[in-house]
Structure formats: structure tokens, C-alpha cells
Amino acid sequence: MATTTVDAHAHDSHAHEGPKGILGYFWSTDHKVIAQLYLWTGMFMALIGGLMAYVFRMQLAFPGKPVPGFGVVSPVEYNALVTNHGTIMIFWVAMPVLIAAFGNFLIPLMIGADDMVFPRINRLSYQVFLLSAIVILASLVVEGGGFGGAWTAYPPLSANPAYNLTPLGATLWVVAVALEFVAFLLGGINFIVTLMNARAPGMKAYDIPMVCWMIVIASILFMLSVGPLIAGAVMLLFDQTLGTGFFNPAVGGDPILWQHLFWFFGHPEVYVVLLPAIGVTVDIVATFSRRKLFGYRLLLYTAVGIGVLSFFVWAHHQFIAGIDPRMANIFTVTTLLISIPVIEMFFVVFATMYGGSIRLTVPMLWALSFLAEFMIGGMTGIYLGSSGSDIYLHDTYFVLAHFHYTFFPIAIIGGFAAFTYWFPKMYGKMLDERLGKIHFWGTIISFNFIFIPLFILGGLGQHRRIYNFQNFPELAPYQPLRVVATTALVVMLLFQLVFFWNLIKSFRRGVPAPKNPWESNTLEWTADSPPPHGNWPPDQMPVVYRGPYEYGHPGRESDFWPQNVPPAREA
Amino acid sequence: MDFTLPQASSYAGSIDGLILLITVLAGAWLLLAEGFFFWLIWRFRARDGVRTQYLDGTEPHIKKWISRPHTLILILDVVVIVAAIRVWVNVKQTLPVADATIRVIGQQWGWVFQQPGADRQLDTADDIYTTDDLYVENQKTYHFQLQSRDVLHSFSVPVFRIKQDVVPGRTITGWFTPIAAGTYDIQCVEICGIGHGVMGGRIHVQDANEHAAWIAGNTPTVTQ
């Protein structure tokens, strides 16, 4: 059998380590505590990133007017805000929430292990991550202000303080990003090893819940793609601080080299965060459609296919960057071909809904809206992956709206889907469904009102990272569209108050959650809510008899069939 | 508000045509998929006493519902790839014979345009230098040589649908043929520092007489 139980002796040694006090939390090796630390740090950073968006969107809608709570936005501040909004939302929100928080929480619970295989490496991963978050926040307040060269940090602008005028901000930005990569390498190793080695007896490769597979495939993609960028980050750091010229054409370097290193990581990174969101969606859709997942292996293979293909598409970010124009043809072909496995995934989810019995709970609404919104993001990607139309649309607000239609569903919608689905397990309380639905509709409707106007503006030739469009005669007349987008953003941020109210209400007087509130099949729902340290009593560790999606099995009274129920009891 | 953008270069129409093609093909798919999706939510909503179907997607007669749409997606991809590459090769990969060559130099935070004076030769003593305003003649094919003095910039004229990054240490050559007289925006579209938001310019597409007069009036007097 390919599976073993986790080493029980190693675990006993820290069995007494429940979190004690605030410091105890930061020193815990329990995967659930680390997951919560990642989750709340990610949510705090999301708040910061969201407020940054508020400030620069207000500047764009009402240029030059003081922004309530911030003041007049200078061009330096504008550049720093858009740069760090992007950086924070990807590296300090999407990755910690989707991969680190839910990876940590779910992988041991879903595979029936008592903890990660390397609990101390896990703790170190969070501590390095926390340090990186402190460094990126510090970079905003140092002398000269935060780095303002966009999240892509193209040199020579990012490499030379004489050009970017933020010597400290730019250096701290690179250091923070590099530290974040270290944290996720440590975490990723843990996910992969845990999934491979610590599964419950009886859990074969195709019995693993899809979200665990997706997080692990994402971790593998991250490990394979991040190396070149870490090398690039060190070179950029040397260019900034030691006066080397890796990216400086005046001394024989090449600024476009950075772009290759960055996007060789940067495009797989899109799928690094997409796959966990797909995993979350698939698990939720199967549960609330009460259907067996249609084509488990197909879905798994398409995820691997996406992973492999994602290493061959990076230069579609560089069609007009000065690369050999003939290269664009090759990358147009590979980029459009990636639509095949991505659409395959959507077909699988649709086929899973077909013939189901769909319950529109709050987590299900989030999961379904992920599908509906991401399809728009995927379809608009075709304009940008096809070289001919990218000549015009590159670096416009069309690109911006496109990737927000992918990243918002991934990070925010996917995050809320996972959070509302596993919250009862995490905290032992139910969330309020009515408040959850108000929060859902408020967020989703305003989200579309933010970015549909931006699609239109992009189509009209409005380009990114410009702090005041009144300077451009062709763009100045479209101010009402910018006001609509900004208003919608403010509405969306206000609706997050409903979410926090729901949380407070649930923590204070929420209905206690049963073990398995959603009647789901996977192992985490057999543990207590919330699970104790070690997840199950040592003598009651789960044993697996079947796949995770046995809903509506004919010949059974109940429409679900948990993975750990012995077949004999059914006879 | 006017939601149309003039097509002021010879290839603007072909790029717009490609965008339209994608809108029709992929847009039809998107509408179909979203429609089907919402139909699924409605059709298979939870109802009392209705049991779910138990299918795991391994039977061939069920799998075809996934594999057939897939072939259609592949066909769509191929059509778009062919159309995209045709446009790309025309705009970026070939250089038609030029009537004139100009040089576009980006720097923090403005554009310098260098173009031939009355002698119609670039890099001679009577070259005309302008800042942020570029004057070109309608219906003439121009080669532009992009250079940067400091960081990356990107030269974009939305009404021409042209865009090309400007890289320090390199000279990147491209082309355009204006087809509609008028004055249009130039934007720098690669973030280039604090002044990126004001690094705009104007391109003035002039009729032949007008342009000849402009050249004559602005050619510097060269002492032999």
C-alpha cells in the first residue's frame, strides 16, 4: 500500500503544545493554528490592499481632490499605491489565504493525518512570511516613500535609484518579495511531502479530495517556477545596492532579461493561485450539487496539463516588449492552447452540476459566482493572448479588467467560498446565512460595476498606471465611467462591513456547528468542530474506504457516503 | 461620450477586425456557456424527493458531451491563431518601404522626435527636433526608430492601434501609415517613474501641402 500513517512518536513529543496566550499562537506548530495565522494575516493585508485601491480609485475619479482619510494623492504616492496594491494582493493575499491557510488547514484534516509532516518547518514558513509582510509594510513608510515601479518591477526603473527616486522603498520591496518566496517554498515542501506520505490507511491517490491535489500541484508549479525569479531578485538587489549591471544596458546588461525571469515565474503563478481556487470550487459544487464529481481523473490530468503548458506561455506578456517579433507567433499558439485544459475544467464542473440537486447555500453561491465571473476573465484573455490584438490592447485598462476578472474570482471569491464553507469546522460556529447572502450579492454586483467600465475604458485606449487622465485630451471625456467604477469600489468595500459583522455575530452567539453541517463526505467533517490538537483521538484515526465524492449512490438511503464509513455497516 | 475611436492608420482596421472576430467567436461561446450554466442552476435546483443522478464520467456515451464541445474550442483556437498571426506579421514582422524615417526618443518624462529636414535625410545637420509634438504627413509610410535615454518607455498611438516598448541600449524599428488627418494622443504606456502620468504627446497628421509648409518653416538654417 502506498500510504502510511504519520509518525506517531514524533507527534507525541509536541502533543502538549496547545497555543497559550498570544505568543503561544505565534509559536504553535499545530497546522490549524498556523492556518489561522496565515488566514488572518492575509485578511489584514487584503484590507490594506483594498484601502489602497480606494485611495487611487478616488484620485482617478476626482483627480487632485483630497481623498477622505488620505489627503491629496501625489504622483509619487499614486505609483507607490498601485505598485503595492498589486504586489500585496498577489503575494500577501491570494497566496497566503488560498494556498497557505487552506492548504495548512485542509491537507492534514482531509487526508486523515494528525498534523503536517514537518510541523516546525511549517511554523518557520509562517514566521518568515510574517517578516516579509512587515518588510513590505515598512517599505511604504520609509524615506522617499514606497516603491513605485509597478508590481512587475521592470528595470532600469526598478534597478536605479536615480530613476525611481525611492532607494529604500525599492530595495525593501525586493527583499520582501524574496522573503515571501522563501516562506512559500518551505510551506510548499511541507504540503507535497504530507500529501504523499501521511494519508490515512486506505486512501489511494484517486481518493484524495480535489482541493488537496490542486494545492499540491500548485506548490509543485511554484517550486519549479520561482527559482529563476529568486535569482533575478538577487540580481536586481545587487544592481540596486552594489552597482552591478545585470539589467543595465550601459554596462552590457539587458533589461529584458528581467522580464523573462519575472514572467517565467509570473505566468505559472497565475495557475498557482487558480488551481487551489478550482479545487475549492469543485469540492463545494460536488457537495452542494449532491453529485459524484464528473471525471475525477480528467480533472486531475487537466490540472497537470495546465501546469506543464503554463511554463511555455510567459512571453505573451512581452509581445511588444522588444523581443524578436517571430517569437510572438510561437507564444500565441501556446497561449491559446492553454484554453483547452482550462475549459475542460469548466466542462467537468458543469457536468457535475448536471443531474444534481443544487442547494444555494452561501458557500455554493460563492463557488458558482467564481465560475460565472472567471469565464469572463478567461474569455477576455483570448484578446490578449492573440498577438495581433494585443498590439492595441497591451497595457490598457482592458488588461487590467481582464486580470481582475481572473484574480478577483480566484483570491476574493475563492477565498470567501472556502472561508464560508470551512468556517464551521475551523471555529465550531455557523455563520449567519442571511447576512452571508447580503454580503455575497453586495460584493458580486459591485465587483461587476467596478470592472465592466474599465473594460470599456481599456477598449477606448486608456492605459494603465497613469495618475490623472485629464492630461490626455482623448481620454478626458470618459470621466463618468471612472466615477462609476470608483463608486462601485466604495460600495464593495462598505459591504465588507457586513462580512465582519457576520463574523463577530457568529463568534459571540453563533449556532454551534455540528460535525458535518453540509453532509459532506470528506474526512475533515468526521473530526470535532473545531478539531482538537491532533485532529482525532489517537485511537480513532480515520480509515478510508472510498473516494471523496460518493453522493447520490444508488442503493443507499442517505444521499452521501462518507469516506470513512466501513462498507460492512451498510450491508 | 463617443464610444468609437478613429481608425487613423492603414492597419488599424485589420486590428479592429481581429478584435471583432474574437468578440464574435469567443463571445458566442461565453454567452452559450454562461447561459447553459445558469440553466443548470435553475433546472437542477434542489427539490423534495428528487434524487441526484449517479454518473462518474467514465462511460464513452457520456464523455462525448465533453469531448465534442472541446473539438469546437480547438477549432476556435486555430481560427484565432491564424487571424492573429496574419495581423501580427503585417504590423510587426514586415517593414514596407518607407517614405520617410523618423526617430522617437523617450526620456523621463517626455518624447523627443527627430525627423529629416528639407534634405529628407535623417541624421543630417538640418534635422528637425520637436518635443512632445510629432508632425507627419497623411498617406505616407513612416519608419520609426525607438530609442530611450534612461528607462523603459512605450510608444503608443491609440488611434493608430500601434504600440511598442522603448528599450534603452536598443533601437527598435517599426512603421505606420496615417490615413486620417487630425491631431491625436500619444501615450507613454510603460511605467517610467514619477512623471509617467504626464508623459503624453500629440501626433499631428497633416495634408501634403500643410506638411511641406511645416517642414519648410521648421528646417533649421544650416551654415555651410
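Structure values in brief
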{"read-out": "Test: residue in the stretch B:82-89 that is more than 24 Å from A:Ile320 (Cβ to Cβ), at the interface with another protein chain (Cβ under 9 Å from one of its Cβ atoms) and among the small types (Gly, Ala, Ser)", "value": "no"}
{"read-out": "Residue match in the stretch A:289-299 (condition: part of a helix (DSSP H, G or I), within 12 Å of chain B (Cβ to nearest Cβ), touching a residue at least 12 places away in the same chain (Cβ under 8 Å) and within 23 Å of A:Leu384 (Cβ to Cβ))", "value": "no"}
{"read-out": "Filter result for the condition that a residue is without any contact (Cβ under 8 Å) to a residue 12 or more places away in the chain and either part of a helix (DSSP H, G or I) or within 12 Å of another protein chain (Cβ to nearest Cβ) (or both), over A:Ile450, A:Ile466, A:Ile438", "value": "A:Ile466"}
{"read-out": "Residue in the stretch B:207-222 that is within 18 Å of the chain's Cα centre (by Cα) and more than 22 Å from A:Ile466 (Cβ to Cβ) present", "value": "no"}
{"read-out": "Only listed residue being among the β-branched types (Val, Ile, Thr), crowded, with 17+ Cβ neighbours inside 10 Å, closer than 19 Å to A:Asn160 by Cα and away from chain B (no Cβ under 14 Å), chosen from A:Val226, A:Val174, A:Val216", "value": "A:Val174"}
{"read-out": "Verdict on B:Gly117 being touching a helix residue (DSSP H, G or I) at 6+ places or on another chain (Cβ under 8 Å), touching a residue at least 60 places away in the same chain (Cβ under 8 Å), within 14 Å of chain A (Cβ to nearest Cβ) and not acidic (Asp, Glu)", "value": "no"}
{"read-out": "Residue within the stretch B:159-182 that is out of contact with any Lys or Arg (no Cβ under 9 Å at 6 or more places or on another chain), within 30 Å of A:Asn79 (Cα to Cα) and part of a helix (DSSP H, G or I) present", "value": "yes"}
{"read-out": "Residue satisfying all of: in the stretch A:155-169; at the interface with chain B (Cβ under 7 Å from one of its Cβ atoms) and free of Cβ contacts under 8 Å to residues at least 40 places away in the same chain; surrounded by the fewest Cβ atoms within 10 Å (Cβ to Cβ) among these", "value": "A:Tyr163"}
{"read-out": "Qualifying residues in the stretch A:123-146 (those that are under 15 Å from A:Gly42 (Cα atoms) and among the aliphatic types (A, V, I, L, M)) - the one surrounded by the fewest Cβ atoms within 10 Å (Cβ to Cβ)", "value": "A:Ile134"}
{"read-out": "A:Leu435 being more than 21 Å from the chain's Cα centre (by Cα), under 17 Å from A:Phe319 (Cα atoms) and either among the β-branched types (Val, Ile, Thr) or modelled with pLDDT of 95 or more (or both)", "value": "no"}
{"read-out": "Only listed residue being without any contact (Cβ under 8 Å) to a residue 12 or more places away in the chain and either within 11 Å of chain A (Cβ to nearest Cβ) or within 17 Å of B:Gln107 (Cα to Cα) (or both), chosen from B:Gly201, B:Gly193, B:Gly197, B:Gly174", "value": "B:Gly197"}
{"read-out": "Residue in the stretch B:105-112 that is over 19 Å from A:Phe472 (Cα atoms), in the same structural domain as B:Met199 (by TED's automatic domain parsing) and crowded, with 16+ Cβ neighbours inside 10 Å present", "value": "yes"}
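Residue by residue, here is whether (1) surrounded by fewer than 13 Cβ atoms within 10 Å (Cβ to Cβ); (2) out of contact with any strand residue (DSSP E or B) (no Cβ under 6 Å at 6 or more places or on another chain) holds:
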{"position": "B:Trp42", "(1), (2)": "yes, yes"}
{"position": "B:Glu59", "(1), (2)": "yes, yes"}
{"position": "B:Arg68", "(1), (2)": "yes, yes"}
{"position": "B:Ile75", "(1), (2)": "yes, yes"}
{"position": "B:Trp88", "(1), (2)": "no, yes"}
{"position": "B:Ile102", "(1), (2)": "no, no"}
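Listed here are the residues, each with its yes/no results for (1) within 15 Å of A:Val272 (Cα to Cα); (2) touching an Asp or Glu at 6+ places or on another chain (Cβ under 6 Å).
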site	(1), (2)
A:Ser310	yes, no
A:Gly322	no, yes
A:Phe331	no, no
A:Phe346	no, no
A:Val349	no, no
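The values are calculated or read from the model by the stated rules, or taken from the named source; none is laboratory data. Since the model is a prediction, treat every value here as computed from it, not as a measurement. A quick note on method: Cβ atoms are made from the backbone with ideal geometry, for glycine too, and the neighbour counts reach across all protein chains shown.
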